[in-house]
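Only one structure is covered here, and it is reproduced in the block below.
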Amino acid sequence: MKSIGVFCGANHGSNPVYQEAGAALGLLMAQQNIMLVYGGGNVGLMGTIADAVLAEGGRAIGVIPQSLVDREVAHRNLTELHVVQTMHERKAMMAARSDAFIAMPGGFGTFDEICEIITWNQLGILKKPVAFFNVNGYWDKFLEMVDHTVAEGFVKYDQRENLIVESDPEVLLQKIRAYADATSDYWVDFKRI
């Protein structure tokens with residue numbers, strides 16, 4: 001496990017627990033020599049986790065569209081910053097550079113990004129761990145909806161079971177590693193995307 005793509009909010013959220021959790025995850029990733037791959041911003045939880053990784057001497061790669069550089073102000077102190085033209089390019093580059101994915105609390109962009117990765121796994125475009133950092137029960141309602149789709153016959157049970165859900169950042173990383181070890185035949189073919 002060399003890198004994890006983290007999807008998270010460009011806001012901090014209304015509860016300080018989200019920032020604290022983002023900083024804790026970033027610290028652990030740096031300590032475990034796991035490179036952060038994320039959306040490249042210096043705002044909200046994106047900035048929180050990137051700053052935590054960098055403060056601990058870790059590596060952080062940002063991928064951000066030019067339009068968001070103009071609006072959000074990209075993080076300029078990263079190990080690498082890739083400015084792309086579209087959100088599709090952003091997601092494809094993040095997927096290619098990441099060995100696993102974590103969804104932290106976030107909004108529509110985070111929902112879009114993690115759902116696309118889940119779909120790519122479902123379709124066999126890639127096979128990488130997908131995890132939800134369930135800080136303060138943030139993802140509970142989303143996961144209830146996923147369970148509803150299973151009950152209604154739109155998502156297979158095993159696809160739901162492949163989603164890692166954890167509120168403790170250290171246990172979260174352990175579960176991702178265990179999943180990755182069990183499915184070490186990662187592959188990706190972006191020509192099919």
Scanning the range 40-57 for residues that are assigned to a helix (DSSP H, G or I) and of a type outside the set (A, V, I, L, M, F, W, C), which turns out surrounded by the most Cβ atoms within 10 Å (Cβ to Cβ)? T48
Output yes when any residue across the range 150-164 is of a type outside the set (K, R), buried (at least 19 other Cβ atoms within 10 Å of the Cβ), within 18 Å of I49 (Cα to Cα) and touching a residue at least 24 places away in the same chain (Cβ under 8 Å), and no when none is. no
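Only one residue in V69, V43, V73 is touching a helix residue (DSSP H, G or I) at 6+ places or on another chain (Cβ under 8 Å) and among the aliphatic types (A, V, I, L, M). Which one?
Among V69, V43, V73, only V43 is touching a helix residue (DSSP H, G or I) at 6+ places or on another chain (Cβ under 8 Å) and among the aliphatic types (A, V, I, L, M).
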Flagged in the range 166-193 as more than 17 Å from S98 (Cα to Cα), surrounded by fewer than 16 Cβ atoms within 10 Å (Cβ to Cβ) and at pLDDT 95 or above, in numbering order, are S167, D168, E170, V171
Would you point out the residue of the range 1-39, among those that are part of a helix (DSSP H, G or I) and touching a strand residue (DSSP E or B) at 6+ places or on another chain (Cβ under 9 Å), that is farthest from F108 (Cα to Cα)? A30
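Table: residues versus (1) modelled with pLDDT of 95 or more; (2) polar (S, T, N, Q); (3) closer than 19 Å to D168 by Cα.
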site: P16; (1), (2), (3): yes, no, yes
site: L28; (1), (2), (3): yes, no, yes
site: Q32; (1), (2), (3): yes, yes, yes
site: G39; (1), (2), (3): yes, no, no
site: V53; (1), (2), (3): yes, no, yes
site: I61; (1), (2), (3): yes, no, no
Identify, by number, the condition in (1) in a loop (DSSP other than H, G, I, E, B); (2) within 25 Å of P169 (Cα to Cα) that E113 doesn't meet. (1)
Keeping to the range 56-74, report how many residues are on the phi < 0 side of the Ramachandran plot and in contact with a strand residue (DSSP E or B) (Cβ under 9 Å, 6 or more places away or on another chain). 13
Would you confirm whether or not the range 75-83 contains a residue that is touching a residue at least 24 places away in the same chain (Cβ under 8 Å) and on the phi > 0 side of the Ramachandran plot? no
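The values are calculated or read from the model by the stated rules, or taken from the named source; none is laboratory data. These numbers were taken from a predicted model, which means no experiment stands behind them. Virtual Cβ from ideal backbone geometry, glycine too; neighbours counted across all protein chains shown.
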